[in-house]
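The structure appears right after this line, and notes come after that.
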Amino acid sequence: MAMTPHASAATVAVTPALRFPHTLSATGLSSPPLAGGCGGCRVRFRPSQRGRGTQGRRGGSHVSRVGGLLGTVFGGGGRDDGEATRKKYADTVARINSMEPEVSALSDADLRARTAALQDRARSGESLDSLLPEAFAVVREASKRVLGLRPFDVQLIGGMVLHKGEIAEMKTGEGKTLVAILPAYLNALSGKGVHVVTVNDYLARRDCEWVGQVPRFLGLQVGLIQQNMTPEQRRENYSYDITYVTNSELGFDYLRDNLAMTVDELVLRNFNYCVIDEVDSILIDEARTPLIISGLAEKPSDRYYKAAKIAEAFERDIHYTVDEKQRNVLLTEEGYADAEEILDIDDLYDPREQWASYILNAIKAKELFLKDVNYIVRSKEVLIVDEFTGRVMAGRRWSDGLHQAIEAKEATETQEFESIYKLKVTVVPTNKPMIRKDESDVVFRATNGKWRAVLVEISRMNKVGRPVLVGTTSVEQSESLSKQLREAGIPHEVLNAKPENVEREAEIVAQSGRLGAVTIATNMAGRGTDIILGGNAEFMARLKLREILMPRPTHYTVHTARKVMTELQGSSENHWGVTLLAMRHIGTRVGLSESEKRKFWEDLDGMVIAVPTNEKLFIGGDLNGYVGSTNVGYELAHVGFGYGSRNQEGEDILDFAIAYNPVIANTFFRKRDSHLVTFTSGHRSSQIDFVLTRREDKQACLDCKVLPGESVVPQHNLVVADLRFWIRTHRDKQAKIARTKWWKLKGETSEVFKEIFFVEGAWSKEDANNMWVKITTYIRKVASEVLGVTKGSIGEPKDTWWWTENVQKAIKEKKECYRSLFHDRSAINIERYKVAKKTAKQLVVNPIDGVIVSKKQMPPRKTWKTNESLFPCELSKETLSSVKDTVEMAVKEWGDKSLTELEAEERLSYSCEKGPTRDEVIANLRNAFVKIADEYKVYTEEEKQKVITVGGLHVVGTERHESRRIDNQLRGRSGRQGDPGSSRFFLSLEDNIFRIFGGDRIQGLMQAFRVEDLPIESKMLTRALDEAQRKVENYFFDIRKQLFEYDEVLNSQRDRVYAERRRALASDSLQSLIVEYAELTMDDILGANIGPDTPKENWDLNKLIAKLQQYCHLLDDLTPELLEGKSSSYDDLREYLRLPVLDAILSTPL
């Protein structure tokens, strides 16, 4: 296949039945994704093949897509430059352009009215193809008014290709995101809904907030699905005309819908039409490794830790061998023997122990899955890093115990679309010629030489002021290069999957095109990232407005939960304005009737509903239910680190949590069993005491665990939760009182005091009481004059919420016991001190029943302050004053400290859109945003010209990817819309792709070239490298193709099962379905044992009756004589047999 010097992107449209090429699982099983058998539900969906029907699928679906493909994806020798496509759609484009004067003359209201008219025509039966020219003309005009962008003719062509259900290949910077709106709007006119699917939450939210303004302006509803949404929020957003969602979220929701027990649990509507952004990523890259999305397998966790220690001690090529190409490990004979000796077992593969899988997974985790390359560790949690996008794959886990092993360790492609997905690829021409210069690769023998050359290249470009984007393949590489740049004194930004960098992603990208900017990025900057030369003025304006606005209306408060009834008692204690609810007498205790339990939950529901959503709520206590160790089906309420098996009472707790938004803090952190068990009785242990917090306040919980041996009440262990709050303190409540410095009353000072007091004493002949008051007052006056007075200070007094009389008494007793122990370490004193220490400890950490809070130092308040170096200039005094006045007006209207952070962010986002609004506050904020952006644009446009003068954005690649398509995604960040730019890849023969797949030719070259810093240039070398990369592409293509073909065997059955399940779920009565199934089963049995062509005299009625009675025991009165007398033909016999079956079913209560 020919390699092209440019990156491209594509869109796909597919006929009914949305299916993704990766396997999802609703079980905690760790079996391979293609394993047969029962025990779980696996779903797999992808675009259907040509000729496949749509029976058994929900509705029909068109799938379209915009994304990044490469020349290698789409072609063999010749290359379509898109001119044929331009000619094919020229007439339709001309029709759309001819409508532009008429549509441009319409008012905003009249333009929106066109949507209603088009919807009426679509619902009356007029084809969408006939509506296309007018719909596209309307969207183009709306885009001009709302976004300030007029779709080019080639973008109209891209939209038409998508509408036809084909992949649209478009170059980088051609406006693929805007193109997707055209077919999405057209297909939403039918009222059946449109999904716009992309690869991550960031792109979904960005596109919904940006180009989603266009359909909103035209009167359509636009929804967004994000990771932490509730089922109700998902159902609402899926019901909108256009819904932005990631492929994984859509897959999860599809799976959950096919596990739903009632129609009310369903969130998705019938599939109609779908635009897939980055189709190659979704249908190719993520198809390679089908991850099972599941709960944790219930296996003893200590085995993983033991195996990890063994793997750490074993040596490569002595105890085990590694096949990096197949990503597999094998134990040697010495490895087997040593492992069996260490574990003191006879056979590593004994099915009763199954140690082999633990050992092999631990070695894989050590050798093949590297920290900051394949995963990162955040808050003691292992998070997978997507090798194709560089982003964290939240919620996903490796299967077969590999994820637990890693946690223990840490204490081509056109052919592919054509042959697999039956999708035609259409090349869309560019709007402007692409003038980026792609330099030839620079190859070094060793990795050290390559990185030194990369550093020199960055320094050379930085000196002339060219912005540089450096692409790395792992977090580890990006951090290493960042360290070298710091040592070289080159300012730069790092964009990788680490949390502190992900939070600043948009900010980093906004300034990546500025003069002299250096950005190091993993593949996160390879997709959906537009780097604007000179900087993104509008995003900078948004950050400035955010910096000024957000601190004012945003607040952090905690609701005071009060006791509501005898069966639901709350203990409320206040500290710095924080109040926690603890349930002491629970309404779900053993022995209560169902009505009493139901009354408890109803009362708790009412209590939680009464808490405003913008306030914080924490609940704790004995809920007497087992939520289990896994979170399958309850991912929104249970993080996955629980204990034991779930029971009905546990499901009640989880249902309550899902309904009212709390999550169970006890499941946040991986703990050993002794730190999870809260209740022990004899040999029985369970987890029934819980701390719950609202989902949005999950980060406030720093830790939650059980203190073994520490009990609150008999049999219940102490549960400790560390909670962090953002709280405003009041100086007047914490000010220490000024005091006289009595400690200075000594020496010369005492003589001065004595002289003043006795010489100028306040002596008089008065009664004793008056005389005493007068003397004491005079003493204080003289003391303050002579000794001085402290100023007082701001600090926390001891009389806080937890410094109670009981606590003070317990601590005093502990100190006295310690003094006794210090002087006499007798057994009695030791025991007394242990008891006193334990008592004091419990009183300090357990101020109220049911909820335990460890007192920690208050964290700093959140700030929205942005580094001033990001902004291109200081705002003028007039603009800054105007913005502050607008913010004051907004705060006056909304209320000071009256909004949650999420609410304030949503209003800020709406204020930075360009669509119409009737809200005066939003309109004024929008005007302020425009003023800031206009000032910034003066400087960014000037800076853009300077960047263009020095050559535009320079892209540096540091390693070839397994697919040339991904390499060209990185190249494509430069040279957008006719801008100048360049790219160069720096490679090493030690890079993984060449080392693993290069073969003997690469190995020979490594031996031939000995100098690390000497770049190698050779046609033979170039051919060898290309061959190695092509070999990798073909290798993984075969893996995906085989996976797809194997899955086809199960797909037909899966489709029918889902269809029948949905039919049963939606049916008002299951009895009619059961009758239908029974009649079909009866016909099958009859046909298999007699057959319609068998003469009556050859009927084996005894065999038929025996088979029928195996399926229905109520037919035990059937005899050969009865059947022979009741039927003269096969049809008579069939009709007669159906009657007793029907009677049996109808007589059986359901």
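Residue-wise HN-Hα couplings along the stretch 979-988, as the Karplus relation 6.51 cos²θ - 1.76 cosθ + 1.60 with θ = phi - 60° gives them from phi, are 5, x, x, 7, 8, 8, 9, 10, 10, 9 Hz; Gly and Pro carry x.
Going by neighbour counts of Cβ atoms within 10 Å, the residues Arg256, Arg973 line up, fewest first, as Arg256, Arg973. A Cβ-based charge dipole, computed about the Cα centre of the stretch 1070-1146 with Lys and Arg at +1 and Asp and Glu at -1, lands at about 120 debye. Summing Cβ point charges (Lys, Arg +1; Asp, Glu -1) relative to the Cα centre of the stretch 805-845 gives a dipole of roughly 120 debye. As a proxy for reagent exposure, ranking Met99, Met170, Met1082 by other Cβ atoms within 10 Å from fewest up yields Met99, Met1082, Met170. Once backbone amide H atoms are built at 1.01 Å from N, His961 has Asp967 as its partners under 5 Å, excluding neighbours fewer than 5 places away on the same chain. Across the stretch 436-443, coupling constants 3J(HN,Hα) worked out from phi with the 6.51/-1.76/1.60 Karplus curve, θ = phi - 60°, read 5, 9, 9, 6, 5, 5, 10, 10 Hz, and Gly and Pro carry x.
Scanning residues 5 or more positions from Leu723 or on other chains, those with amide H under 5 Å from its amide H are Leu702, Ser854, with H placed 1.01 Å from N in the peptide plane. Once you sort the root eigenvalues of the Cα gyration tensor of the stretch 190-284 as a ≥ b ≥ c, which label holds: rounded (a/c under 1.5), prolate (a/b larger than b/c) or oblate (the other case)? Judged from the Cα gyration tensor, the stretch 190-284 comes out oblate (a/c at least 1.5, b/c at or above a/b).
Structure note, pairs Lys164/Lys1041; Lys87/Lys437; Lys616/Lys834; Lys698/Lys865; Lys544/Lys946; Lys171/Lys884: Cα-Cα distances above 30 angstrom occur for Lys616/Lys834; Lys171/Lys884. For Ala113 and Gln1071, a Förster radius of 60 Å and the Cβ-Cβ distance give a FRET efficiency of 0.75, rounded to the nearest 0.05.
Applying 1/(1 + (r/R0)^6) with r as the Cβ-Cβ distance of Asp896 and Lys1103 and R0 = 56 angstrom yields a FRET efficiency of 0.05. If R0 equals 51 Å, the separation of the Cβ atoms of Lys463 and Asn97 corresponds to a calculated FRET efficiency of about 0.60. For Thr198, nonlocal amide neighbours, meaning residues 5 or more places apart or on other chains whose placed amide H falls under 5 Å from its own, are Val245, Thr246, Asn247, Asp277. Could you pull out the pairs from Lys744/Lys837; Lys877/Lys897; Lys597/Lys705 whose alpha carbons sit more than 29 Å apart here? From the list (Lys744/Lys837; Lys877/Lys897; Lys597/Lys705), the Cα-Cα distance tops 29 Å for Lys744/Lys837. In a DSSP loop and with at most 16 other Cβ atoms within 10 Å, the GluC sites (Glu not before Pro) in the stretch 872-914 are Glu874. Scoring 930-941, 117-128, 955-966 by mean Cβ neighbours within 10 Å over their residues and listing the highest first yields 955-966, 930-941, 117-128.
Computed from backbone phi, the HN-Hα couplings of the stretch 534-541 come to x, x, 8, 4, 5, 5, 4, 5 Hz, rounded to whole numbers (Karplus: 6.51 cos²θ - 1.76 cosθ + 1.60, θ = phi - 60°; Gly and Pro given as x). Ordering Leu676, Leu718 from the fewest to the most neighbouring beta carbons within 10 Å gives Leu718, Leu676.
We did not get these values from a lab; they are worked out from the coordinates using the rules stated. Everything quoted here is computed from the prediction, not taken from an experiment. Cβ sites come from the backbone with ideal geometry, for glycine too, and all protein chains shown count toward neighbours.
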